[in-house]
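Accompanying notes for the structure given below.
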Amino acid sequence: MTSAPQNDTKIVVFNKAAQDDCLKLIEMALIEDVGASEMDAGVDCTTDAIVPKNAHAAAALVSRADGVVCGVEVAKLAIARWAPEISLEIHVNDGQAIKAMETIAVMTGPAHDILTMERTCLNFMCRLSGISSLTRQYVDEIVGTGACVLDTRKTTPGWRRLEKYAVACGGGANHRMGLYDAIMLKDNHLAFYRSLVEDNHDTIPTAIEIARKWIDDHESQLPDGKATVLQLEVDTLEQLEIALQTDCDIILLDNMDCERLKKGVARRNELAPRIQLEASGGVNLTTISEIAKTGVERISVGALTHSAINFDIGLDWDITV
């Protein structure tokens, strides 16, 4: 699912791990709606009351705004598993830009099933399209700078793979998936570790050395083995100076203004050009362009997932067939 850190349009894979998470979430959504994990065992009071089981219809999923679509793959999974008599004709795929009043897909089949599945499909598509559309706005702001926009772990519990998929569909890149696939030494880790060293100046070098050895010793347990990313968070240029002399892969510059970011990039270029720099904190659509121009390679934005507004998609009854 992880996308390349570039702004070009690219194919994003809805991988098996994301599909597995998605199936669990869809099942939970159906239980909320019809009181059961299977359509035949559940009850849709309104539809059951007035829509004959043998009635057929077609309805279109239509965008109400300009943006980037995400969640078509979710709708395909939901229909294939829980409403296989519905035919889904795709007009716009995940990751593609869309205009207001453009048709994303058309559902054709039992009217009863279309009406019962409507809200489940829309809830997923609206949430994920909101994230992909917001991500595209951030990506567009830094075109040509060489920097990439990354998500964070500030995701909805249970939805992380789906939300990171949406970020990738919007043209962003994925940060670590969780605590299991990369090391990221943050301020609280260092605060704990300072009590274990005699000289505070040794905190960062010693922590990096121990973390690197831990990766080597546990490579068989890690998804990327010895290539597991080792990242460090710093909040001062003094800490950066020390970190640049260590064996870390990425240094996150936390809550630094653009002037300090420029100084950090210049110093990195002198001492350790192999180390990538990531800016985080205070990033929004107004500030990201200037941040990208400082020369950092990565900009992480928690707002991509924790502050995205649902995209407006509706189900328009098309024709009776």
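The values are calculated or read from the model by the stated rules, or taken from the named source; none is laboratory data. Please read all numbers here as calculations on a predicted model, not as lab measurements. With ideal geometry, Cβ positions are generated from the backbone for all residues, glycine too; neighbour counts draw on all protein chains shown.
Among the candidates 211, 207, 166, which residue alone is modelled with pLDDT of 90 or more and touching a Phe, Trp or Tyr at 6+ places or on another chain (Cβ under 8 Å)?
Going through 211, 207, 166 in turn, just one is modelled with pLDDT of 90 or more and touching a Phe, Trp or Tyr at 6+ places or on another chain (Cβ under 8 Å): 207.
Consider residue 44 carefully, then state whether it is surrounded by 13 or more Cβ atoms within 10 Å (Cβ to Cβ), in contact with a helix residue (DSSP H, G or I) (Cβ under 8 Å, 6 or more places away or on another chain), acidic (Asp, Glu) and over 18 Å from residue 109 (Cβ atoms).
The answer is no for residue 44.
Taking residue 225, is it touching a helix residue (DSSP H, G or I) at 6+ places or on another chain (Cβ under 6 Å) and surrounded by fewer than 18 Cβ atoms within 10 Å (Cβ to Cβ)?
yes
Test of understanding: among 240, 253, 285, which residue is surrounded by fewer than 20 Cβ atoms within 10 Å (Cβ to Cβ) and among the hydrophobic types (A, V, I, L, M, F, W, C)?
Matching residue, one of 240, 253, 285: 285.
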